[in-house]
Amino acid sequence: MIPCRHLTMAKLQFSMAILTLSFISSFNSITSSTFTLTNQCNYPVWAGLLSGAGTAPLPTTGFPLQPSQSNSVEVPPGWSGRMWGRTLCSADSTGRFSCVTGDCGSGTIECNGSGAAPPTTLAEFTLNGANGMDFYDVSLVDGYNLPMMVVPQGGTGGNCNVTGCMVDLNKNCPSALRLTATGGSDESVACKSACEAFGDPMYCCSGAYSTPQTCSPTSYSEYFKTACPTAYSYAYDDGSSTFTCSSANYVITFCPTPANSRKTTGAGQPPADSSGGSSLAEALGGHSVMVIAVLLLTMISLKCPRCFIFLLLG
Ligand SMILES: *[C@@H]1O[C@H](CO)[C@@H](O)[C@H](O)[C@H]1NC(C)=O
Ligand SMILES: *[C@@H]1O[C@H](CO)[C@@H](O)[C@H](O)[C@H]1NC(C)=O
C-alpha cells in the first residue's frame, strides 16, 4: 500500500510541473505583439492592414502617417495578415477616400477587410505558426509601390533577420511595368509585377508553371530581386525571402533610410545596442517575479519535500 503522504507529494510535484510548463508556454503564445508603423517618407502614407481569413481582427484597418510619424498597433497572438502603405490619397467631392497606389477600395481611411490593389509592396505575417514561430516576409509578388522594411525587436528564436525592399524601384521601373499617375506625367508611382502587366502563366506561376520546379525567375523578377535580395520577387521565391522569429515586436518602416539616417533615429533602424542589450530583460519583463517564485518552489519541492508541504500548510 502506498502511504498517503507520498500520494500527496506526487500530486504536488505533478501540479508544480504543470505550473512550470504552462508558465514556459505562456512566453511563446499568450502575449500579443506590438507592431509599430513608421513613415520616413517625405510624403504622407496611409497604412492599410488586412487580417487573414479566420484570424482575430485588429483594432484598426487603416490610418494616416505624416512624414516621421509613427503609430503602434497591438496584434493578437496567432494573427496572420498583411500590412502596406497607400500613397497619393485624397477624398473626392462626395467624401469618398481613395489612393493612386495601394488602394483597398473601401472608400474610407479604414480598409475594413479589403486588401491592396496591386502594384503594392506587402509585409506579410503569420504569428505563432509552426513550432510557435512567427513567419514574415516583404513581398513584391504583387508589384511595388514604396520602400518598406520589417525589423523584429526583442525576439528570442529564429533568425529574426531584418527584411524588406529598402530602395526606390519606381525611378528605374522597366517601362512595360510602370504605373504612372493620371495627369500625363511619365513619372512612375508604382512598378507592376510581370504577372500583372502581361498575365502570362510563366510570370504568374500558374497553369503549366504552377510548381516551384516549373516556375523560375525571369528578367522582370530579377529586376526586383537584384535591388531587393531579401524580398519575394515571384511566387516561389521562398528560400531567400521568408524569415522567422519568436516572441518579437515588429517595426515596419515606409521609406527606411539605413545608409543616410536622418535626424529621426530609432524606429527605422535595425536594433541598436540599447534595444539589443536589454532584450532579455524586456522579454522577461513582468514575468520575472513569477520566474523566481516557480524556480524557488520547484527547488524546494525536489530537494526537501517536507519543507514544501510545511510551506504550503503554514
Ligand atoms: C465594413 O464592412 C462591413 C462588412 O463588409 C460592412 O457591413 C460595413 O458597412 C463596412 N463599414 C464601412 C464604414 O464601410
Ligand atoms: C540572416 O542574416 C544573417 C546575417 O546577415 C545571414 O548570415 C543569414 O544568412 C540570414 N538568414 C537568412 C535565412 O537569410
| message | Order these by the 10 Å Cβ neighbour count, fewest first: S80, S90, S32. | response | S90, S32, S80
| said: Test of understanding: what is the full-extension gain from T60 to M202, defined as 0.36 nm times their sequence separation minus their Cα-Cα distance? | reply: 47.4 nm
| Counting alpha carbon pairs within less than 8 Å and at least 6 residues apart, what relative contact order, in whole percent, applies to the range 33-274? | 21
| remark: Calc'd 3J(HN,Hα), the range 152-167, phi into Karplus 6.51 cos²θ - 1.76 cosθ + 1.60 (θ = phi - 60°), Hz, glycine/Pro = x, comes to x, 10, x, x, 10, x, x, 8, 6, 6, 5, 9, x, 10, 7, 9
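So how strong a dipole does the range 33-274 carry about its Cα centre when Lys and Arg Cβ are +1 and Asp and Glu Cβ are -1, to the nearest 20 debye?
About 340 debye.
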| task | Estimate the FRET efficiency between S210 and N131 by the formula 1/(1 + (r/R0)^6), using the beta-carbon distance for r and 30 Å for R0, to the nearest 0.05. | result | 0.60
| Using alpha-carbon pairs under 8 Å, 6+ residues apart, how would you state the relative contact order of the range 100-221 in percent? | 18
| request: Starting from the Cα of V167, step 7 Å along the direction of its Cβ; do the same at D238; then give the gap between the two resulting points in nm. | output: 2.8
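P(r) tail for the range 132-221, what percent of Cα pairs lie past 23 Å?
Of all Cα-Cα distances in the range 132-221, 41 percent exceed 23 Å.
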| request: Determine by what factor the alpha-carbon radius of gyration of the range 33-274 differs from 2.2 N^0.38 Å, reporting the quotient. | output: 0.97
| field | Least to most buried among T101, T182, T126, T156 (fewest other Cβ within 10 Å first) | value | T182, T156, T126, T101
| If we count other beta carbons within 10 Å of each Cβ, what is the order of S219, S246, fewest first? | S219, S246
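Read-outs: derived from the displayed coordinates by stated rules, not from any lab. Please read these numbers as outputs of a predicted model, since none were measured by experiment. Neighbour counts run over all protein chains shown; Cβ positions are idealised from the backbone, glycine included.
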